[in-house]
Amino acid sequence: SSVGRTDEAVAQLRRILTVDSSPGVQASVHLNLGTILANAERQEEAIIQLRRSLELQPGLIAARARLANLLAELGRYPDAAAEFGELVRLQPDNPEARFGEAVSLLLAEQYPQALSSLEAATQAFPTQSGFHNALARLLATCPDEDIRDGERALEIATELAQTGQSLEVYETLAMALAEVGRFEEAAELQDRLVQEAANTGQTELADTFRSRLETYRQSQPCRAPWLPTN
């Protein structure tokens with residue numbers, strides 16, 4: 001069984017820990033243990049092993065990335081943001097690490113830090129539209145009014161919509177239109193998104209779009225743009 005194979009692999013790796021005490025080997029073994037345990041849905045045990053790996057070798061990118069993603073999957077967003085942040089420090093040119101940090105900060109409701117993270121990411125990766133889209137969405141919808149800037153969000157989203165026609169970008173544009181009080185235009189655009197998602201068989205997405213459409217029809221802006229990933 002898969003459980004038996006996991007236990008056997010774990011036992012073999014633990015034996016290596018008893019015979020080779022060099023930090024590099026030990027760190028690698030703990031990383032492998034963490035990976036096997038995570039794949040077996042034994043997340044808490046996996047986290048312990050990954051942290052041990054990083055205690056021995058703080059710059060081990062694979063362990064740091066695995067730990068950050070695992071924490072995010074478990075909904076432990078502040079911890080995930082801290083690990084992604086360390087990954088960004090180690091690999092400033094890693095877009096996945098940057099995006100992981102920003103999203104984790106957003107879902108942790110650490111909005112000023114999320115803004116700083118996205119501003120830095122758009123500077124580091126000026127041609128990657130995902131960062132600009134996330135920044136526009138934060139500026140349009142953030143529950144923290146000190147962060148919101150509807151006019152800037154609309155400027156960014158409009159530019160994105162002119163260069164890349166994706167549902168996500170148009171969804172952000174509708175959010176920005178609503179934030180600046182252009183609810184009729186936001187609702188019209190959102191209605192088109194509902195139809196597009198429904199026509200392409202994306203039922204859950206269509207339902208999400210529909211709920212936001214009702215919000216705009218009631219002349220209310222969007223304040224819940226991101227859904228938890230767990």
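The values are calculated or read from the model by the stated rules, or taken from the named source; none is laboratory data. The shown structure was predicted, so the numbers you read here are calculated from the model rather than taken from an experiment. Cβ sites come from the backbone with ideal geometry, for glycine too, and all protein chains shown count toward neighbours. Ligands, DNA and RNA are excluded from the accessible area calculation, which covers all protein heavy atoms including side chains. Shrake-Rupley method; radii C 1.70, N 1.55, O 1.52, S 1.80 Å.
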Item to complete: In nm, give the distance between the simple-model label positions of V19 and D144, each being 7 Å from the Cα along the Cα-to-Cβ direction.
Response: 5.3
Worksheet item: Expressed as a rounded percentage, what relative contact order does segment 77-171 have, with Cα pairs under 8 Å and six or more residues apart?
Response: 18
Fill in: Within-11-Å neighbourhood charge of Y77 [Cβ basis; K, R +1; D, E -1]
-4
Worksheet item: What FRET efficiency would be calculated for the residue pair Q218, E119, taking the C-beta separation as r and a Förster radius of 25 Å, to the nearest 0.05?
Response: 0.20
Worksheet item: Each label point is 7 Å from the Cα along the Cα-to-Cβ direction; what then is the distance between the points at E73 and R51, in nm?
Response: 1.8
Item to complete: Starting from the Cα gyration tensor of the chain, multiply each eigenvalue by 5, take the square root, and state the resulting semi-axes largest first in whole Å.
Response: 41, 20, 13
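Measure off, as a whole percent, the carbon and sulfur share of the 1.4 Å-probe accessible area of the chain, all protein chains present.
Details: 5650 of 11820 Å².
Carbon and sulfur atoms account for 48 percent of the accessible area of the chain.
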Fill in: Protection proxy ranking, peptides 193-201, 210-218, average beta carbon neighbours within 10 Å, highest first
210-218, 193-201
Practice prompt. Quick one, can you get me the convex hull of the C-alpha atoms of segment 1-74 expressed as volume per residue in Å³?
Written response: 68
Discussion item. Report the gain in length on full extension from W226 to T127: 0.36 nm times residue separation, minus Cα-Cα distance, nm rounded to one decimal.
Written reply: 33.4 nm
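Provide the per residue accessible area, probe 1.4 Å, for segment 150-215, rounded to a whole number of square angstrom.
Working: 3500 Å² over 66 residues.
On a per-residue basis, segment 150-215 sits at 53 Å².
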Practice prompt. Please give, to one decimal in nm, the separation of the simple spin-label points placed at E184 and I61, each 7 Å out from Cα toward the Cβ.
Written response: 5.3
